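The next block holds one structure in the form of structure tokens; read it before the comments.
The values are calculated or read from the model by the stated rules, or taken from the named source; none is laboratory data. Keep in mind it's a predicted model, so treat the numbers as computed, not measured. Note that we place each Cβ from the backbone using ideal geometry, even for glycine, and neighbour counts take in every protein chain shown.
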Number of protein chains: 2
Amino acid sequence: MADDIVFLSEGTVTSPRGFLAGAIRAGIRPDVDKLDVGMLYAEAPCAAAAVYTSNRVKAAPLLVSQKHLAEGSSQAVIANSGCANAATGEQGLQDAREMAELAAVKLGLAAHDVIMASTGVIGTFLPMQRVRQAVSDLKLTVEGGVDFARAIMTTDTRPKYCAARFGYGGHQYNIGGVAKGAGMIHPDMATMLCFLTSDAPVAPAYLAVCLREAVDASFNMIDVDSDTSTNDTVVALANGLGGGEPIDVDHPAAGAFHSALTAVCIHLAKAIVGDAEGASKFIECRVEGAASQADARKAAREVVRSLAVKTAVYGQDPNWGRILAAVGNSGCQMEETKTALWLSDQCLYRQGQPQPFDTAATKLHLGQAEVCIRVDLGLGDASAIAWGADITEEYVRLNSAYTT
Amino acid sequence: MADDIVFLSEGTVTSPRGFLAGAIRAGIRPDVDKLDVGMLYAEAPCAAAAVYTSNRVKAAPLLVSQKHLAEGSSQAVIANSGCANAATGEQGLQDAREMAELAAVKLGLAAHDVIMASTGVIGTFLPMQRVRQAVSDLKLTVEGGVDFARAIMTTDTRPKYCAARFGYGGHQYNIGGVAKGAGMIHPDMATMLCFLTSDAPVAPAYLAVCLREAVDASFNMIDVDSDTSTNDTVVALANGLGGGEPIDVDHPAAGAFHSALTAVCIHLAKAIVGDAEGASKFIECRVEGAASQADARKAAREVVRSLAVKTAVYGQDPNWGRILAAVGNSGCQMEETKTALWLSDQCLYRQGQPQPFDTAATKLHLGQAEVCIRVDLGLGDASAIAWGADITEEYVRLNSAYTT
């Protein structure tokens, strides 16, 4: 069996062996002191996998990256903030291809070994002269992981990064990640981006399966404002420099790798919600007793999505009817008389009946930075957890006060 | 052919022949001067049809009304604000049945001839002693339609009512309606309610078809905050007192009745959006050139639902990327290079390319009380229109400042 998973202090994408990163201010964003182009480089070819936005409008860098990844491996990432390079037509595709080519030439790779990502305003073009200069000047180091996390920030107020480690058969394997949020909405049109690295010798097909499942349990279970951007991208690169046999689904360490990747993704997903635009509270909703996994996911996500629930949490209002209505609205199978509902440890509704509860204790819980909602559907064994942020006047102010 | 449809000045549910209505303050709501119980009575048995919430949590009055309507006809409505009678278990069902019985006794009807509706806080019980007294004291008159509209208001700032008329074969037929909105969210947990009356001799089966289609084109195309309440109900009663042959799908006036009912529903749906909690602007989105009607509806609804679009409109920001992203997010079939997008008469995006546009004129349009968005998907002939409200700091304040 594999060892326990431990999180590394100050871990990031350069914590796994053989990854370098760096960032620079190209001047794509107007802020004078904001890093806006970042690069990540693997010293050995990597198994690579990616999960992209479900939005039908797909940004140019995403379309080009999809083609590059179809070649099966990858060794570098170049990313920018300040411009999404989305809805930019043929010029946008040309710019995205050039961006990959610039990184490839710098690193001595083929263009198809480079993955691109852009985040920022839709419908504007990349200032390519600035990008060219930036790629030329950018330095890659083993300490560059946090700067890389800073370069992809838009309305995020802090960089988001972490790394986890597990051991198996005398090998120590690391998984690192950086992400940005924080609400698809601001002037900078947020976009969720996440880049994951590992030195574990993961087989490409198994990496793709693990990534899809990790994303489903993490980034697909968070809600800031229900919108999906044109640029959402999660990429995983594994260079195998940790040594050992390829980790495939049958490998004894397969479960540990899957768990560690999921843990890193959940950590980053919660960091995105914790930094949501204008939010004052973090909401966790656990749905159990669902008839199916799909039902549990739907119900948990709808509770953290509902504006009625978000505003009640913001107002510290134990208005559990809004939670029950959100569950009913999710389309999950439910029977009122079998449903029970808790805020923290207080049961507010059970067997089709409102329950007497300690209003003072419940309001005290709603005054905390993290609010826990639990719903038992009483129908089966499936469960799921979703995370969301409340919605505040500040959110509206942030998202409307800007003019293009 | 039937005559044109005309809207009546100050028309309401009592504009069609043979309908009486009234309202009274029972004291269910704490406000001292708010009418909170209303009744509607038809002097002749009616063909009746209803459309209910899709929420899996259904309020007691709705469950009882469904049973009563299954008997095939109806002759009265009793409705209250201040208490949703939802999530109230067996006691709630008993109270709903008693409410119907009280109305039936007063009007000399069978209980199954009465439809009930409640709107207000979830998880509280009806104060039945007050309801009994109110039903006993309530007066029904031909002038009572507007008071009935007032009695069902919760966070609405004004009553919503209208009536339309069309002629055929020497007969004048009237359709009246009242509705309430305004956001499923406030302390009073909004709920959308609508009651429609007509003196046209509509056959019950055709009334059901017309009502479903009218609701799809009106109340199902508006968005305030994406939540569906436990009590949403639309009821239509047609007493036939306008005379003439039964109007069925083959009748020459079938189309006129369908159009008039739809026009009344759209008028009331737009009134709900126009009175949305804390809204400052009315948003209309027309999607055309869709591959299917379902696609056109999905895309139009997603544009008016998107918080990114709502906040951009509030901020008078011509950030068309948010609109394009919302269309892409809707799941409708689309190709970027075939899509075009307008704000008022300014084309902002066409053939996969941002278009130069008159920023001053566009901002001026975004400063108006009504903002028009048009999207052409360039794929087919289907179109749809959806209506929504922007979202403001005031919306958040209204929905969080309350404590149960």
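Flag not set for residue B:293, criterion: outside the structural domain of residue B:172 (by TED's automatic domain parsing) and over 28 Å from the mean Cα position of the chain (by Cα). Picking from residues in the range A:391-404 that are part of a helix (DSSP H, G or I) and at the interface with chain B (Cβ under 8 Å from one of its Cβ atoms), the one that is modelled with the lowest pLDDT is A:399. Which members of the range B:143-180 meet the condition of being closer than 17 Å to residue B:276 by Cβ and part of a loop (DSSP other than H, G, I, E, B)? The answer is B:152, B:153, B:154, B:155, B:156, B:157, B:158, B:159.
In the list B:378, B:388, which residue meets the criterion of being more than 7 Å from chain A (Cβ to nearest Cβ), at pLDDT 95 or above and either assigned to a loop (DSSP other than H, G, I, E, B) or buried (at least 21 other Cβ atoms within 10 Å of the Cβ) (or both)?
Result of the check over B:378, B:388: B:378.
Here the range B:327-338 is the region considered, the condition is being in contact (Cβ under 8 Å) with a residue 24 or more places away in the chain and either β-branched (Val, Ile, Thr) or more than 7 Å from chain A (Cβ to nearest Cβ) (or both), and the residue that is surrounded by the fewest Cβ atoms within 10 Å (Cβ to Cβ) is B:335. One residue alone among A:38, A:72 is in the same structural domain as residue A:117 (by TED's automatic domain parsing), within 16 Å of residue A:159 (Cβ to Cβ) and among the small types (Gly, Ala, Ser), and that residue is A:38. The residues on offer are A:146, A:131, and the sole one that is under 25 Å from the mean Cα position of the chain (by Cα) and within 18 Å of residue A:26 (Cα to Cα) is A:146. For the range A:309-323, the criterion of being touching a Pro at 6+ places or on another chain (Cβ under 7 Å), outside any strand (DSSP E or B) and aromatic (Phe, Trp, Tyr) is met by no residue. Entry remark, the range B:312-326: residues being more than 7 Å from chain A (Cβ to nearest Cβ) and in contact (Cβ under 8 Å) with a residue 60 or more places away in the chain number 1 in total.
Only a single item in (1) more than 23 Å from residue A:219 (Cβ to Cβ); (2) surrounded by fewer than 23 Cβ atoms within 10 Å (Cβ to Cβ); (3) not basic (Lys, Arg) is not met by residue A:52, and it is number (1). Being part of a helix (DSSP H, G or I), closer than 20 Å to residue A:49 by Cβ and in contact (Cβ under 8 Å) with a residue 60 or more places away in the chain is the filter; apply it to the range A:82-131 and report the residue that is farthest from the other protein chains (Cβ to nearest Cβ). My answer is A:113. No other residue among B:346, B:353 is over 25 Å from residue A:308 (Cα atoms), facing another protein chain (nearest Cβ under 7 Å) and surrounded by fewer than 23 Cβ atoms within 10 Å (Cβ to Cβ) apart from B:353. Against the condition more than 14 Å from chain A (Cβ to nearest Cβ) and part of a helix (DSSP H, G or I), how does residue B:65 come out, does it pass? Yes, satisfied. Taken together, the criteria place residue A:237 among residues that are away from chain B (no Cβ under 14 Å), under 16 Å from the mean Cα position of the chain (by Cα), assigned to a strand (DSSP E or B) and modelled with pLDDT of 95 or more.
So that you can scan it fast, the table gives a plain yes or no per residue for (1) hydrophobic (A, V, I, L, M, F, W, C); (2) buried (at least 20 other Cβ atoms within 10 Å of the Cβ); (3) more than 22 Å from residue A:202 (Cα to Cα):
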residue	(1), (2), (3)
A:40	yes, yes, no
A:46	yes, yes, no
A:65	no, yes, no
A:68	no, yes, no
A:72	no, no, no
A:81	no, yes, yes
A:87	yes, yes, yes
A:112	no, no, no
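Only residues that are outside any strand (DSSP E or B) and either β-branched (Val, Ile, Thr) or modelled with pLDDT of 95 or more (or both) were counted across the range A:215-226, and they come to 2.
Taking into account only those residues within the range A:362-375 that are part of a helix (DSSP H, G or I) and hydrophobic (A, V, I, L, M, F, W, C), which is nearest to the other protein chains (Cβ to nearest Cβ)? Step through it out loud before you land on a result.
Within the range A:362-375, the first condition is being part of a helix (DSSP H, G or I), and the residues that meet it are A:362-366.
Remaining after also requiring hydrophobic (A, V, I, L, M, F, W, C): A:364, A:366.
Numbers: A:364: 13, A:366: 10 Å.
Top of the filtered list is A:366.
The residues of the range A:282-315 that are of a type in the set (Lys, Arg) and either within 23 Å of residue B:305 (Cα to Cα) or at pLDDT below 90 (or both), listed by number, are A:297, A:298, A:301, A:305, A:310. Among the residues of the range A:2-25, is there at least one that is on the phi > 0 side of the Ramachandran plot, outside any strand (DSSP E or B) and modelled with pLDDT of 95 or more? So far as the range A:2-25 goes, yes, one or more of its residues are on the phi > 0 side of the Ramachandran plot, outside any strand (DSSP E or B) and modelled with pLDDT of 95 or more.
The condition of being assigned by TED's automatic domain parsing to the domain that holds residue A:232, among the small types (Gly, Ala, Ser) and part of a helix (DSSP H, G or I) does not hold for residue A:79. Would you mind stating whether residue B:42 is more than 14 Å from chain A (Cβ to nearest Cβ), among the small types (Gly, Ala, Ser) and either closer than 19 Å to residue B:192 by Cα or in contact (Cβ under 8 Å) with a residue 12 or more places away in the chain (or both)? When the stated conditions are applied, residue B:42 passes them.
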